[in-house]
Amino acid sequence: MFFLFLHFSLFLLFSLLYWFRFRSEVTGPKGNILQEIQTASTQWKSKPHLILLLAFVLFLTLPLTIGFQFYLRSDANVLVVIVWIIWAYNWSKYSFFRE
């Protein structure tokens, strides 16, 4: 339960840190978070973009953490991994490879 709490609190910390501290420093499109993530993937060396990418990676791994917290010792952990692969693929596809 500690790892789930740590994961969720880090996700909230990085998300709120980007939203309230670094969002005004970012150049490029504002208002659409998917376009901001796509821009951050190309310019990942700057601090605001790195914070956004860390928050996005924590968002992508959140279902995996929640699933393993409750289903680690059962056969349902295979379903957790399958659902996580679908979750991460869809979010990555629509975030990084938009036209």
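Derivation of every value follows stated rules applied to the coordinates shown; laboratory data play no part. Keep in mind that this is a model prediction, so the values were computed, not measured. Note that we place each Cβ from the backbone using ideal geometry, even for glycine, and neighbour counts take in every protein chain shown.
Can you tell me the orientation of helix 47-71 relative to the chain, as the angle in degrees between its alpha-carbon axis and the longest Cα principal axis, to the nearest 10?
Approximately 10 degrees, to the nearest 10.
Quick check: residue separation of MET1 and SER74 times 0.36 nm, minus the Cα distance between them. What number comes out in nm? Intermediate results must be reported in sequence, preceding the final value.
On the way: separation 73, 0.36 × 73 = 26.28 nm, distance 1.65 nm.
Gain on stretching MET1 to SER74: 24.6 nm.
Of the listed peptides 44-56, 78-90, 10-22, what is their order by residue-averaged count of other C-beta atoms within 10 Å, with the highest listed first? Working shown, then result.
On the way: 44-56: 17.6, 78-90: 13.6, 10-22: 15.5.
Order by mean packing, descending: 44-56, 10-22, 78-90.
Return the distance in nm (one decimal) between the two label points of a simple spin-label model at LEU60 and PHE97, each offset 7 Å from Cα along Cα→Cβ.
It is 1.2 nm.
What ranking do GLU36, GLU25 get, fewest neighbouring Cβ atoms within 10 angstrom at the top?
GLU25, GLU36
Under the definition of Cα pairs under 8 Å and six or more residues apart, what whole-number percent is the relative contact order of the chain? Show your work: numbers first, answer last.
Values: 76 pairs, mean separation 32.2, N = 99.
The value is 33 percent.
Rounded to whole Å and sorted largest first, list the principal axis extents of the Cα atoms in the chain.
Over the chain, Cα extents along the principal axes are 47, 31, 21 Å.
Return the distance in nm (one decimal) between the two label points of a simple spin-label model at LEU50 and LEU10, each offset 7 Å from Cα along Cα→Cβ.
1.5
What percentages make up the Cα-Cα pair-distance distribution of region 38-78 when the bins are 5 Å wide from 0?
Calculated over all Cα pairs of region 38-78, the distribution is 5, 23, 19, 14, 10, 10, 10, 8, 1 percent.
Hey, which lysines would be in cross-link range of LYS30, C-alpha to C-alpha under 18 Å, not counting anything within fewer than 8 residues on its own chain?
Counting by Cα, and skipping residues close in sequence, LYS30 has these lysines nearby: LYS47.
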